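Structure first, commentary second.
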Amino acid sequence: MSRDSQSGSNLTELWCIALCAVLYEMNGFDPGDDNEAESVQKNIERHKQSFQRDWGIENKDDLMRNLQWLAEEGHRESFNKIRSFLSALSEAEQTKYIESIPKTTQRYREHQLVKAYMNRLPAAGIAAWDLGRYAFLCRKGAVMGFITKEKSLELVQPIVAVAQQAYSGWREYGTGYLAGRQFWWAQPTAASAQEMAGYVRNLLLNADSLWNRLEWEVPLEETAGQPSNPLA
């Protein structure tokens, strides 16, 4: 039996890796060889430095606080507010409003990006960006000993269902993640879009990618005491 067809915690672990696979690609790790990568001490140290620098995470409390933010708000909240506002305007009014914002500001770039993606994404918008980072923090938090592996899988399991319900498949999930990354970075340039699209494209086209080995519409088995949806 292949590891992809197994059930229980192993399947949850594979989904966890798949949800944050773009981050693996960006950081030079192989999503298909996760266990080997994590056995290298220098990679553990690299994660610790990244957690401190990018997230301010140095212990379990810091980790759980960041997970709570991703679950309850994330960057999707700001994206959705702009999307809701622009949706009430005509195409001409949207353009006029955005052009009235100072072009050197992050606010201008954010509105530009939301306009570019608002009709290409489902109602979930850029939730994929928050889901992917949530999964990444859970997995790496376990690697660094902030939480147990069992706890990381417990936290991740309900967000798999969230992703499956929010998007139609890996392609749409990847587009949501791509848009979220650009929204966070506030650099909607052709170069940045092409670079990020390359990571997503690799996962979609590589036959050995978890994105092509995990069936999107097959739900994980429910477990006793499963936590409630963290993004509800």
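The values are calculated or read from the model by the stated rules, or taken from the named source; none is laboratory data. Computed from a predicted structure; not experimentally measured. Heavy atoms of the whole protein, side chains included, go into the accessibility calculation; ligands, DNA and RNA do not. Shrake-Rupley method; radii C 1.70, N 1.55, O 1.52, S 1.80 Å.
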**Prompt:** So what does Ser100 come to for accessible area, using a 1.4 Å probe and Å² rounded to 10?
**Reply:** 80 Å²
**Asked** So what does Cys138 come to for accessible area, using a 1.4 Å probe and Å² rounded to 10?
**Response** 0 Å²
**Request:** Keeping all protein chains in position, work out how much accessible area Trp184 exposes to a 1.4 Å probe, and write it in Å² to the nearest 10.
**Result:** 120 Å²
**Fill in**
When every protein chain stays in place and a 1.4 Å probe is rolled, His47, His75 sorted by accessible area with the largest first are His75, His47
**Asked** Does anyone have the angle between helix 106-117 and the longest principal axis of the chain? Alpha-carbon axes, 0 to 90°, nearest 10?
**Response** 80 degrees
**Message:** Give me the 1.4 Å probe accessible area per residue for the chain, excluding ligands and nucleic acids, in Å².
**Reply:** 50 Å²
**Prompt:** Lysine pairs in the chain 8 or more apart or on different chains: how many have alpha carbons under 20 angstrom apart?
**Reply:** 16
